[in-house]
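The values are calculated or read from the model by the stated rules, or taken from the named source; none is laboratory data. Remember, predicted model here, so these are calculated numbers, not experimental data. Don't worry about glycine lacking a Cβ; one is built from the backbone with ideal geometry, like all the others, and counts go over all protein chains shown.
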Amino acid sequence: MPANPRKNTLTAAVAVTGCLALAATLTGCGGSSAASDEKVVTVYSADGLKGENGDGWYDKVFKDFTAKTGIKVEYVEGGSGEVVQRAVREKANTQADVLVTLPPFIQQAGGKGLLAKYAPEGADQVDGADKGADGTWTSVVNNYFGFVYNKKELKTPPQTWQELLDGKYKNKLQYSTPGVAGDGTAVVVKAMHDFGGKQPAMDYLKKLQANNVGPSASTGKLAPKVDKGELLVANGDVQMNYAQSKDMPNLGIWFPKTEGGKPTSFALPYAAGLVKNAPHTANGKKLLDFMLATKQQQEVSAIGGGFSARGDVHATDENALALAKIMDGVEIFEPDWNDIDKNLQTYVDDWKTATGS
């Protein structure tokens, strides 16, 4: 299982060759641009599905896709909001063919006119809540928001949000930045749900700031700190953290609850859409079809540590069983993503005001 910490910088990678280069502009291993090669498809994606050692779900999917079609995959990775903003900047000269990001950023991409309507083969097996009502995006890997804790230092995880206000967590707690990181934004979404509204959530997060180490643009960088004991608690998501736990033995996953309440979470899927005016639209459609195909969906848990987006795929591998156990007893709620998309900047500004960030 890959340990795939989320990155703070955009990274361009040619998946087939494994060539990595920090990119201000998209380049391939040979210095040729994506647009110069018709046998190519370019993916801009939120991090979490590509393995550090070439053993992630993306690695397998891209390799198999190229073997089947001869189409090379060029891969650009960044934070959820970061990849959307890059696509916005390039609207006059579109570089990406496929965009994969988390809510509410996939809705944001749609609102900014970045996505074209396309229903991949198999999309009819994806739950209505996990695809765009306007037909511009479909989840390819399901996932859930969560937190991590250090199992060595804490014999049991904290049970409630209120416990995190204890002095023992001072400078031992950190969460990624709302509005920048998808999982950081999820902290605000979950707090608003659990505490019953925006104001009580902000009141709580203001108190929590006394223990918070400070902002982090990268969620994935927090798990290694928790594993080493530099932090006791951080935010994350089940797919990424479960994958990381294979190489981080002190990492445990948990879900905060309010006093007298139940542990809660919500779906935070990797949602994929075809980019409007893409340079290689046909190749983008083929890749979306391939990612949502039954075989690739069956590999989501076994290789990627995530949950299949298709309702007709029922994985029974070891990872699938372990993931089901992690989610046992957790109450799943469905955020109003349209409201969050519409009011995201307001919520982020209110969070900044509350925490002094």
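Screening L274 against (1) surrounded by fewer than 21 Cβ atoms within 10 Å (Cβ to Cβ); (2) out of contact with any Asp or Glu (no Cβ under 6 Å at 6 or more places or on another chain); (3) of a type outside the set (G, A, S) leaves a single unmet condition, (1). Here V233 meets the list (1) in contact with a helix residue (DSSP H, G or I) (Cβ under 6 Å, 6 or more places away or on another chain); (2) at pLDDT 95 or above; (3) surrounded by 23 or more Cβ atoms within 10 Å (Cβ to Cβ) almost entirely, failing just condition (1).
For region 59-90, the tally of residues that are modelled with pLDDT under 95 and farther than 28 Å from S301 by Cβ stands at 1.
Does region 234-255 hold any residues that are assigned to a loop (DSSP other than H, G, I, E, B) and touching a strand residue (DSSP E or B) at 6+ places or on another chain (Cβ under 6 Å), and which are they? Before you say what the answer is, go through the steps one by one.
Looking only at region 234-255, we keep the residues that are assigned to a loop (DSSP other than H, G, I, E, B), and these are 246-250, 255.
Within region 234-255, N250, F255 qualify.
Out of the residues in region 113-127 that are within 27 Å of Q345 (Cβ to Cβ) and of a type in the set (G, A, S), state the one that is surrounded by the most Cβ atoms within 10 Å (Cβ to Cβ).
A116
Which one is nearest to the chain's Cα centre (by Cα), of the residues in region 261-279 that are part of a loop (DSSP other than H, G, I, E, B) and of a type in the set (A, V, I, L, M)? So the residue we want is L268.
So which of V141, V126, V180 ends up being out of contact with any strand residue (DSSP E or B) (no Cβ under 8 Å at 6 or more places or on another chain), of a type in the set (A, V, I, L, M) and either over 19 Å from L231 (Cβ atoms) or not assigned by TED's automatic domain parsing to the domain that holds T94 (or both)?
V180
Just so you know, in region 88-112 the residues that are of a type in the set (A, V, I, L, M) and surrounded by fewer than 22 Cβ atoms within 10 Å (Cβ to Cβ) include one that is farthest from V140 (Cα to Cα), and it is A92. Which residue, of S216, S245, is assigned by TED's automatic domain parsing to the domain that holds E163, of a type outside the set (D, E, K, R), surrounded by fewer than 24 Cβ atoms within 10 Å (Cβ to Cβ) and over 21 Å from T185 (Cα atoms)? Only one candidate passes the filter, namely S245. Within region 291-319, the set of residues being part of a helix (DSSP H, G or I), of a type in the set (A, V, I, L, M) and either touching a Leu at 6+ places or on another chain (Cβ under 9 Å) or at pLDDT 95 or above (or both) comprises M291, V300.
For region 323-357, filtered to residues that are part of a helix (DSSP H, G or I) and of a type in the set (F, W, Y), the residue that is nearest to Q209 (Cα to Cα) is W351.
Within region 315-336, the set of residues being surrounded by 18 or more Cβ atoms within 10 Å (Cβ to Cβ), touching a residue at least 40 places away in the same chain (Cβ under 8 Å) and under 24 Å from M291 (Cα atoms) comprises N319, L323.
Give the residue, chosen from G214, G196, that is without any contact (Cβ under 8 Å) to a residue 40 or more places away in the chain and not in a helix (DSSP H, G or I). It would help to see each step written out before you state the result.
Details: G214 fails: without any contact (Cβ under 8 Å) to a residue 40 or more places away in the chain.
Testing whether each residue is without any contact (Cβ under 8 Å) to a residue 40 or more places away in the chain and not in a helix (DSSP H, G or I) leaves just G196.
If you scan region 278-314, which residues turn out to be of a type in the set (S, T, N, Q) and either crowded, with 21+ Cβ neighbours inside 10 Å or not assigned by TED's automatic domain parsing to the domain that holds A96 (or both)?
Filtering region 278-314 down to residues of a type in the set (S, T, N, Q) leaves 281, 283, 294, 296-298, 301, 308.
Correct list: N283, Q296, Q297, S301, S308.
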